[in-house]
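Chemist: Here it is, the structure in full.
The values are calculated or read from the model by the stated rules, or taken from the named source; none is laboratory data. Quick caveat: nothing in here was measured; it's all calculated off a predicted structure. Here the Cβ positions follow ideal geometry from the backbone for every residue, glycine too, while neighbour counts run over all protein chains shown.
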Amino acid sequence: MKLARIAFRNIRRNRRRSLLSGTAIMIATLFITFAFSLIAGMLGDIESNIVRYVSGHVRIRHVEYDENEQLNPLHLSVSEYEEVVRQMESEEEVAAAVPRTRFFTAIYRNGRTYAGMGLGVDFPREASVMRIQDAIEEGRLPQMGQREMVLSAGLAEELDLEVGERLTLLTKNKYLGMSGMTFTVTGIVRFLVAGFNESFFLVPIDTTARFLKMSDEATEVLVVLNDSKRVDEFAEKATGILAAMGRKNLSAQPWTRIGASVGWMQLARSAYDVIALVFFILASTVIVNTTMMVIFERMREIGTVAAMGMTPREIVRLFFLEALYIGAIAAFVGVLLGIGITIPLSKVGIDLTQPMQGVDLEINPVVYPRLNIRSTVFVFFYSTIIASLASFIPSRRAAKIEPVEALRSV
Amino acid sequence: MNRILPLIFTFGLLAALSVSAITAEEIVKNVERNEINEAERIDGSMIISDRFGSRTKTFISYASGSDKMLLEFTNPEERGQKILRLEDEIYLYFPEAEEVIHLQGSALKESVMGSDFSYEDMTGEGDLLDQYEVTLLGEESIEGRKHYHLELKARKRGLAYPKQEAWIDAETWVMTRANAYSLSGRLLKEMELGDIRVVAGKYVPHYIIMRDAMKKKSSTEMRIEAIDLVAKLPPDIFSLEELTW
Amino acid sequence: MGFIVSLAWKNLSRYKRRTLITACALAFGIIMFLWLDGMLQGIERESERNIIWYETGSAKLMTTEYQEDLKSMPLKHCIEDPQSLEQALTGAGVTTTRRTVFAGEIFYGEGSLYVKVIAVDPETDGEIYRLSDTLAQGRYLEAGEQGVVIGEWLAQDLGIAVGEEITIRTRTRYGAFQTIELIVVGVLNSPNPMINKGTAYIPLSLADEALEMEGAVTEITLLFPEWQDPELKVQELQGRLSAFPGITVQSWKDLARDFLMFAQMKSAGSSILLILVFVIAAVGISNTMLMAVYERVREIGMMRAMGMGDGAIRAAFLFEAGGIGLIGTLSGIVLGLVLNWYMVNYGMDFSAIMGQMDIGYRVTGIFRSAWHPQAFVGGLIFGIVAAMVFSLIPSSRALKMQITECLRYE
């Protein structure tokens, strides 16, 4: 007897049962796929924020800058940054390269001084990296070379400033002397990233250089890659390029080795892994449960078939095949549906405007679920296997019972 | 030049001098006579050093009496920047700033140009004999010259340096050395003056170095390249209008 | 009625395996739901606790001038008479502790760093803050000693170990320069990076003397239970302190505006995940219930044939389902309780999972859940209701069929 054919016939015969079991497996699989995609999306968000706002994929700095970072050492800079940026841009793996200069200043307004953190940026180049144009709440971006700036909303509030007004910055320049410069506020920005320093402002990097007496220098150059997985590889390549350019005092670090944000990323990932585990266990339970029930309900059938001469081994294998087929089909459909739901949502995003418990950060996080191997192929195989394996326990138990017993149990 | 230094160090602290027959007031007058000028113009340089290295700045300063001073930087990086002191007020001018910065309150505690001097150090806060109780600890010889070693203890609260020590050259009435201490008695700053030359009948130290005693490589040095004690100063030079010119 | 109940009960014990499997499905679904809910609540709480347990307490009292200039930590705007404030708050249901915060420079060896120094009362601080739980080396402060406890990252930056001497340079309340010699008695590693990186703790009495405070402090921290709404409580407290117009009460939310690094992790995506788990659990339960009842259609037919009324049959199945629901739900809740209790008090140690994280600093990765009574109640209700509802569907269907069809049902 071809067990496979019998298995198929059984499935078709007990339509209701197969449907119930299959549906359960399908829904469980569907949800796991979706949940994993959601999680991947959230993690991707965190990573994307680190890359865009903090360090890029690879960060180029003066070798001694990091250890002295607290003192904001402007003389430990990337000199002739334009050259470095252009060189990086010309590499095929690179999506964008931007220079940035961080500096601390005192903001002088109405007779008082306030602390502020400034970032000198190349606004045109940042269109694809920091995407400041998307964060503008009021006004416009500064023009390069001009004494113009955009402020964070928090700072604007603290200083009671509006677009069009001016304020003066005081800072320690590269030569340990003081510098003062008046800027016109051309716009107010709000970045939807939690943890972003509330008191910051953005200034054109060439104006910054003039202000800080740094000629053609930046404190760092960030590189964003096309393929986020080749980070370590490119960091090495970049180091080589820099050496070839004669820039021995510069180093290129992959973002995975920089600072605390990586730590939180890891923490987030671990947390989500645990959540994923919960889903797994639950979905598995559903699948196992269903499969087991199906078999236990068919005790009489098992008895009949055993009485007719089928060996326990064949019985087990029969049910295994049944579970396998139902599982495979259901899992396949489930994954397909999961993909079907995820793809449009990945474009549109899920707008979670539900304010977070307690703290009102005025953030509307939009999550873009994303598909990956884990959420699709892996889930498919896992569901199928679990369904098939789940058949063993009940079928083995059932097969061992005396046919008479089985026939009697209803 | 001394106008820029913590004036607290340099004034008539000698009231309690018991060694010589000369009275405290007369000593104070001697020191002040040597120190304060009707008009003064200095061409000088300042060298600021920290663990990363040294930076030199050059300047021209004008002073009148003990409460008016205008300083303008002439080195390339800070050229055009000015500091104006009118009694207890400090004003800063920067060529690329469209307003004059008026420093008050806690801003005065900031250091001038990242040096070891703060703006506070630059503003005299009233009569020193009022603020400090002075004791003569004795006589010491520094580089072969007789010096009076004085100890100053703050009479009231709120003075930046609760305790100081000074060594005054007995002949020239120039303070050669000074130390400033924290409330608990720890040495914070050390200052030395040297290269004393006679200019228009007065003894003028042409070199000063101030060190942060707690940070190994942090110091500020000042040199007088040229000094004119009888300069004819332009009228209204110590004014806000002049500052922005 | 009694007959129906005993019928239901007898059925429960007769079909032990079925009952067990279904109850298990139910229990498992509930356990997973509670576990995930607890964890998600924990994530949300974590960042809140991070702030409340280590930085702000539930709220702080300070002078209005101090609050306006918060970032500069102006000692001169201190609270002159903390005692009268504390007295005014007796009976308000808050715990209080006094603190004085000031900026200082730590000197050790060749290096120095600007830090925030917090002078605490070692005897009462622990009632509000959990810093003493986070000691990595050495011990916590003792009242009146010349000791200091610093964050681990700070210790690492300066190369300081327990037992070494450091000096803090600062200015007193009246502006005089002051130096404080201290011995490091402890090093702490808390979940709060700002503390690890830039804070030092000294005894309040020491600061009182060194800074010429004369009994004044810069803030009084308050603690009230987590479940109380901070905004409301603050209003109440402000009312009690109406006799002190110069004092303002700031809730931890007001104080933590700038800081929330975990916000992304705990973002609203968690509610979606919870819904997904809920649905999967529901699918599992429904599936087994459906299957269980469908298998007994013939039984229903026999009961009808023997003259039992429709209402009675429905009731019997309902009770049976209710019974299963109760068993499953209760075990689920109990086990969920145990699991949650463990997670709340011991949590999961992520440090092992996180493995090599090259950020240069050690990060404590113990993650704890939070109690969410609503979830337990909801789970209980849902479990029983779902079981009953899902048994109604097939049994109603069976009741609609012809009796003979029922008997023939396969």
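Chemist: Which numbered condition trips up residue B:107, out of (1) within 11 Å of another protein chain (Cβ to nearest Cβ); (2) closer than 29 Å to residue C:112 by Cβ; (3) in a strand (DSSP E or B); (4) modelled with pLDDT under 90?
Modeler: (3)
Chemist: Moving on to the next point. Determine whether segment C:372-395 contains at least one residue that is at pLDDT below 85 and either within 30 Å of residue C:196 (Cβ to Cβ) or within 11 Å of chain A (Cβ to nearest Cβ) (or both).
Modeler: yes
Chemist: Does segment A:41-65 hold any residues that are at the interface with another protein chain (Cβ under 10 Å from one of its Cβ atoms) and either of a type in the set (A, V, I, L, M) or crowded, with 18+ Cβ neighbours inside 10 Å (or both), and which are they? Before you say what the answer is, go through the steps one by one.
Modeler: Taking segment A:41-65 first, the residues at the interface with another protein chain (Cβ under 10 Å from one of its Cβ atoms) are A:41-43, A:45-46, A:49, A:64.
Within segment A:41-65, A:41, A:42, A:43, A:45, A:46, A:49 qualify.
Chemist: Next up: Name the one entry in C:160, C:150 that is under 26 Å from the mean Cα position of the chain (by Cα), over 17 Å from residue C:213 (Cα atoms), surrounded by 16 or more Cβ atoms within 10 Å (Cβ to Cβ) and not small (Gly, Ala, Ser).
Modeler: Numbers: C:160 fails: under 26 Å from the mean Cα position of the chain (by Cα).
Answer to the check: C:150.
Chemist: Moving on to the next point. Scan A:199, A:128 and give me the residue that is closer than 23 Å to residue A:53 by Cα, touching a Ser or Thr at 6+ places or on another chain (Cβ under 8 Å) and among the hydroxyl-bearing types (Ser, Thr, Tyr).
Modeler: A:199
Chemist: Go through (1) among the hydrophobic types (A, V, I, L, M, F, W, C); (2) farther than 30 Å from residue C:213 by Cα; (3) modelled with pLDDT of 85 or more and name the single condition residue B:137 misses.
Modeler: Only one criterion is unmet by residue B:137, namely (3).
Chemist: If residue A:166 satisfies every condition in (1) within 12 Å of another protein chain (Cβ to nearest Cβ); (2) in contact with a Phe, Trp or Tyr (Cβ under 8 Å, 6 or more places away or on another chain); (3) within 24 Å of residue A:55 (Cα to Cα); (4) of a type in the set (D, E, K, R) but one, which is the exception?
Modeler: (3)
Chemist: Would you pick out the residues in segment B:214-239 that are loosely packed, with under 15 Cβ neighbours inside 10 Å and among the aliphatic types (A, V, I, L, M)? Steps first, answer last, please.
Modeler: Initially, segment B:214-239 is screened for residues loosely packed, with under 15 Cβ neighbours inside 10 Å, giving B:216-217, B:225-226, B:230, B:232, B:234-236.
Correct list: B:226, B:230.
Chemist: Scan A:229, A:213 and give me the residue that is at positive phi, surrounded by fewer than 20 Cβ atoms within 10 Å (Cβ to Cβ) and either outside any loop (DSSP other than H, G, I, E, B) or modelled with pLDDT of 85 or more (or both). First the steps, then the outcome.
Modeler: Numbers: A:229 fails: at positive phi.
The match here is A:213.
Chemist: Further question on the same structure: Looking at (1) farther than 22 Å from residue A:52 by Cβ; (2) part of a strand (DSSP E or B), which is the only condition residue A:187 fails?
Modeler: Failed condition: (1).
Chemist: Within segment C:125-144, which residues are under 16 Å from residue C:218 (Cβ atoms) and in contact with a strand residue (DSSP E or B) (Cβ under 6 Å, 6 or more places away or on another chain)?
Modeler: At the first step, the residues of segment C:125-144 found to be under 16 Å from residue C:218 (Cβ atoms) are C:125, C:128-129.
Within segment C:125-144, C:125, C:128 meet the criteria.
Chemist: Let me ask something else. Condition (residue is away from every other protein chain (no Cβ under 14 Å), of a type outside the set (Val, Ile, Thr), touching a strand residue (DSSP E or B) at 6+ places or on another chain (Cβ under 8 Å) and over 22 Å from residue C:54 (Cβ atoms)) applied to segment C:87-99: is it met by at least one residue? Steps first, answer last, please.
Modeler: Here is the first cut: in segment C:87-99, the residues away from every other protein chain (no Cβ under 14 Å) are C:87-99.
Applying the additional criterion that residues be of a type outside the set (Val, Ile, Thr) yields C:87-89, C:91-93, C:98-99.
Next, from what is left, pick out any that are touching a strand residue (DSSP E or B) at 6+ places or on another chain (Cβ under 8 Å): C:89, C:98-99.
If we keep only those that are over 22 Å from residue C:54 (Cβ atoms) as well, we get C:89.
Among the residues of segment C:87-99, at least one is away from every other protein chain (no Cβ under 14 Å), of a type outside the set (Val, Ile, Thr), touching a strand residue (DSSP E or B) at 6+ places or on another chain (Cβ under 8 Å) and over 22 Å from residue C:54 (Cβ atoms), which makes the answer yes.
This table checks each residue for (1) facing chain A (nearest Cβ under 10 Å); (2) out of contact with any Asp or Glu (no Cβ under 6 Å at 6 or more places or on another chain); (3) closer than 30 Å to residue C:375 by Cβ.
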{"residue": "C:34", "(1), (2), (3)": "no, yes, yes"}
{"residue": "C:39", "(1), (2), (3)": "yes, yes, yes"}
{"residue": "C:53", "(1), (2), (3)": "no, yes, yes"}
{"residue": "C:73", "(1), (2), (3)": "no, yes, no"}
{"residue": "C:85", "(1), (2), (3)": "no, yes, no"}
{"residue": "C:107", "(1), (2), (3)": "no, yes, no"}
{"residue": "C:120", "(1), (2), (3)": "no, yes, no"}
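Chemist: With a cut-off of at least 2 residues that are of a type in the set (Gly, Ala, Ser) and surrounded by fewer than 23 Cβ atoms within 10 Å (Cβ to Cβ), name the helices (runs of 4 or more DSSP H) lying wholly within segment A:78-180.
Modeler: Qualifying helices (runs of 4 or more DSSP H): A:153-159.
For (1) under 18 Å from the mean Cα position of the chain (by Cα); (2) of a type in the set (Val, Ile, Thr), each residue gets a yes or a no:
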| residue | (1), (2) |
| --- | --- |
| B:150 | yes, no |
| B:161 | yes, no |
| B:172 | yes, yes |
| B:186 | no, no |
| B:214 | no, no |
| B:229 | yes, no |
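Chemist: May I pose another question? Considering (1) over 28 Å from residue C:196 (Cβ atoms); (2) surrounded by fewer than 16 Cβ atoms within 10 Å (Cβ to Cβ), say which one residue C:35 fails and leave the rest.
Modeler: So the condition that residue C:35 fails would be (2).
Chemist: Checking the conditions here, which among C:300, C:280 is aliphatic (A, V, I, L, M), more than 24 Å from residue A:286 (Cα to Cα) and buried (at least 24 other Cβ atoms within 10 Å of the Cβ)?
Modeler: On the way: C:280 fails: more than 24 Å from residue A:286 (Cα to Cα).
Testing whether each residue is aliphatic (A, V, I, L, M), more than 24 Å from residue A:286 (Cα to Cα) and buried (at least 24 other Cβ atoms within 10 Å of the Cβ) leaves just C:300.
Chemist: Among the listed residues C:119, C:155, C:136, C:207, which satisfies the condition of being crowded, with 23+ Cβ neighbours inside 10 Å and part of a strand (DSSP E or B)? Don't jump to the end; show me each part of the working.
Modeler: Details: C:155 fails: part of a strand (DSSP E or B); C:136 fails: crowded, with 23+ Cβ neighbours inside 10 Å; C:207 fails: part of a strand (DSSP E or B).
So the residue among C:119, C:155, C:136, C:207 that is crowded, with 23+ Cβ neighbours inside 10 Å and part of a strand (DSSP E or B) is C:119.
Chemist: If you go through segment C:122-133, how many residues are closer than 17 Å to residue C:206 by Cβ, in contact with a Ser or Thr (Cβ under 6 Å, 6 or more places away or on another chain) and assigned to a helix (DSSP H, G or I)?
Modeler: We begin by selecting, within segment C:122-133, every residue closer than 17 Å to residue C:206 by Cβ; these are C:122-125, C:131.
If we keep only those that are in contact with a Ser or Thr (Cβ under 6 Å, 6 or more places away or on another chain) too, we end up with C:124-125.
So of that shortlist, the ones also assigned to a helix (DSSP H, G or I) come out as C:125.
Selection size over segment C:122-133: 1.
To keep it simple, each residue is scored yes or no on (1) within 25 Å of residue B:92 (Cβ to Cβ); (2) within 14 Å of chain B (Cβ to nearest Cβ); (3) modelled with pLDDT of 90 or more.
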position: A:118; (1), (2), (3): yes, no, yes
position: A:129; (1), (2), (3): no, no, yes
position: A:132; (1), (2), (3): no, no, no
position: A:149; (1), (2), (3): yes, yes, yes
position: A:161; (1), (2), (3): yes, no, no
position: A:173; (1), (2), (3): yes, yes, no
position: A:177; (1), (2), (3): yes, yes, no
